[in-house]
Structure formats: C-alpha cells, structure tokens
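The values are calculated or read from the model by the stated rules, or taken from the named source; none is laboratory data. Every value quoted in this text rests on a predicted model; they were computed, and no experiment measured them. A quick note on method: Cβ atoms are made from the backbone with ideal geometry, for glycine too, and the neighbour counts reach across all protein chains shown. Accessible surface is based on the protein model in full, side chains and every heavy atom, while ligands, DNA and RNA are left aside. Shrake-Rupley method; radii C 1.70, N 1.55, O 1.52, S 1.80 Å.
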Amino acid sequence: MTGAPPSPPAGPDAAPAGPGSAQAPPARRTARAGGPPGPAPDVRPGGGPGAPRPDPRPRLTELRLSAFARHRGARFPLGPVTLFTGPSGSGKSAALAAYEALARLGGGASVQEVFPDPVALVPERARPDAQRRRGFRIGCTADGAEGPVRLDVAVQAEPDLRIVGERLTAGGLVLLETALRDPGRRSVQAAWHTAGSSPVTKAPLPDDRLGTALLPLRVAGKTDGQRRVLAAAEQMVVALRSVFACDPRPDAMRAPVRTGSGRLLRGCDNLADVLWRTRAECGRRHGLLVDAVRAGCAGPVADLLAEPLGDGTVRALLDRGDGHRSELAGLGDGELRYLALALVLFTGPGVLEVDAPGEVPDAMRSLTVLADGFDRCLDPRQRAELLGTAVLMGERGHIRLVGAVSDADLAAEAGTITVVHLEA
C-alpha cells in the first residue's frame, strides 16, 4: 500500500489516473506578511519547554492545485487569515473555488453537484490521452490531533465526469487509495489500511463520491490500523465540512425578508431575519457587531435592529441614537457588504448556513469563511476593521478567513496574515 503510485497517462496534460504523481515545484510565490516567505513552521508535541501546544481542531493548512483551471503544480499555505492577491485573471477565484469544491465533496456531495461545468476546470491546452480522457487534480492538507493528513483527488472531466483516483495519507503511510480499473463500471477499486491479519482491505466504492467521506460507513474500526484510518478520515472531513462560502449581495439585502431559519445564506439576502434572531439570542456578540458597524458605517450608530412588519417579514434598521432610524435600504453597497461580513465574522456555525458535522462540538472545530472579492466596494477604513476582526477571531481559533482581494497592500493593514501572491 505504501509503494509507488500508479503511473499517470501518457503526456503531461492527459487526464489524471490518480492523485499520487509527484508534485511540481510551487507555481506561485507565497509569503507571510511581516515575516519570511513560506508557511509558518509546524509545532508538534515535544518541541521543548514553553513550546506552543498544537491546536487539536481540524483545519486546512495547505491547498494544492496540481492541475486545475489556470493552476499547475501550485501549493498554497493556509493560515488563520489567508488572502489571495493578484491581478484579474491570476486565478484567485479558481483557488477559492477549488477549496469550496473539496469542502462540498467532504460533505458527501456528488461530483455532478460540485462540478456543473467540469470541462471549464481542465487546464488550458490540456491534451486528452488515448482514451480521450481529460481532467484535473486538487488536494489539501488538514492538520489536527492526528497531525498533518493529506488528501489528493483526481477528477476526470471528459468523456464522463467521475472521481478516478483518491489518496489519503498520514505520517508517510497511505491510508486509503482508489483507482479506476474498469472504465465500463461506475465504481473505483479502493484499498484501505487494516494492519490486522490482512494489511489492506479492498472493495469497490462509487466513482461519484469522495471515498474519504464514505470510510466511516465501510471501516469497522476493529484494528489499530482501521482506527487510524477512521481518525485521519474524520479529521479531514471535519476540516472540510466546516466551511461557509460568502459573497454578500447588497441589492438583495435591502428589501424586507420573510422570517425563516435565522441561518445566514451565502449572499446574505436574509440578513434582517438573522439579526432578528441573533439580537435576542446573543447579546454579547450583538454588542460586538454594533461596535463594528459603528466603526465602519457613516453617521452615528447606537444599535442595529430588526423590525417585524406584520406581514411575516422583517426589515433591518440602524438606530441613530437620537430617535431616528435608518433603513438598510438607504445604505451604500460598501456599507452593506461591510455589515454582512462583520456579522459573519462575529457569528458561528449555528447562525451560518453551514453543513457542519453535528457530531463534533463547536469548540472542537474551526469555521472557515471563504470570501471571494473580500475587499469589493470597501473603503480603507472598512477593510482595516474587518481584517482586524478576522485576525482577532483567528487568534481565538473560532473563525478562519480565506479571501481573494485585488489590493496587494491590503494585507499590511492588520496583524499577521498569510498572503498568496498570484501572477497573471
């Protein structure tokens, strides 16, 4: 199981036969703001007196785009706050799209749901192999109590969309490996570490789902090897599922909305409904949100309110403190995006529309917010306030932020931030 990976199809641009092929050098320069290039050193137990204790909460620490859209051989470090920056067309949105795709696969979604237009993600000028196959490869590393756990996935986009290879590794040991053996079958051959009377267990798995997410249903956990496989898979799945992709849409936030679940949607359309809930349930966090709104919105702000209108809808208002209230409909796009992003950073999985693992307590996982166009419509003051909040929440371990920004100087505005510089 720990031998050499299967050889890829002929030609550097052919469809991937599996995720185990050697990584090319990083295609993009990565640097940590305020420090030397590269990710921060990994701290492990036994690092000496006074060494920081490793964080047991599962979280992604690296994103790999071996062959995805415009990226080839790219490896990006991920910290508590990570900003992708670069000119238009440099691949910022593609990096966040790959992160979200892995998150959805980790939550059990099918490749058809995750990749509605897979051919658009095949690297440009990629050549098909002899079987007319083309595809892409993505992967990540999740750190936590089990140490670094790597996941690499190969997806065939043509002629049929399917997962054709997957590899889960930890501590240099391959814990799960899948490969497409018979293109005529809608399954892949999987082998996972057992370390019992038989070193591996082999069985078919469906080719439209992530095998790592299916392991708890297939592995009994009777041997030490099986328990190791389950622990690594759980760490990866928990890290992937605790993700909220957010792109506030100011136009949709201005109108009153019907009361519902009180869980914030991706576009923050139902912000008024969420405020109606959070103001009553969590006064401390609501107070922090009001302080943030006061710092980032024009004019005096005494409170942030949600008012029922009698027809089953609620509207959001700013209490100006002098008896006057302003409807959110009158705020500018930048103010609305700022308000929505501040709300996201001050709340958690119980308020956001997140497919979080219910069996894992909130205190044992970190929520990652994906924000494409993070700085869109924001002025320097608003950007600084939001980044300061993100850094603070990241230090506490509650919220991690991965954003795409157009301004390369934005990262210098607050704290220690992982910055990934992309080139067109």
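Summary of computed values
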item: Index of the failed condition, L175 passing every other in (1) in contact with a helix residue (DSSP H, G or I) (Cβ under 6 Å, 6 or more places away or on another chain); (2) within 29 Å of E124 (Cβ to Cβ); result: (2)
item: Any chance A329 is in contact (Cβ under 8 Å) with a residue 60 or more places away in the chain and farther than 24 Å from A384 by Cβ; result: yes
item: Out of R279, R258, R284, sole residue that is buried (at least 17 other Cβ atoms within 10 Å of the Cβ) and at pLDDT below 95; result: R279
item: Residue among V238, V290, V301 that alone is hydrophobic (A, V, I, L, M, F, W, C), in a loop (DSSP other than H, G, I, E, B) and either over 30 Å from A145 (Cβ atoms) or modelled with pLDDT under 95 (or both); result: V301
item: Among (1) within 30 Å of A213 (Cα to Cα); (2) open to solvent by 70 Å² or more (accessible area, probe 1.4 Å); (3) not basic (K, R), the one test that C268 misses; result: (2)
item: Scope segment 58-95; condition open to solvent by 10 Å² or more (accessible area, probe 1.4 Å) and among the charged types (D, E, K, R); matching residues; result: R59, E62, R70, R72, R75, K92
item: Count of residues meeting criterion [in contact with a Lys or Arg (Cβ under 9 Å, 6 or more places away or on another chain) and either assigned to a helix (DSSP H, G or I) or closer than 30 Å to R186 by Cα (or both)] in segment 75-94; result: 1
item: Test set (1) in contact (Cβ under 8 Å) with a residue 60 or more places away in the chain; (2) open to solvent by less than 10 Å² (accessible area, probe 1.4 Å) - A98 fails condition number; result: (1)
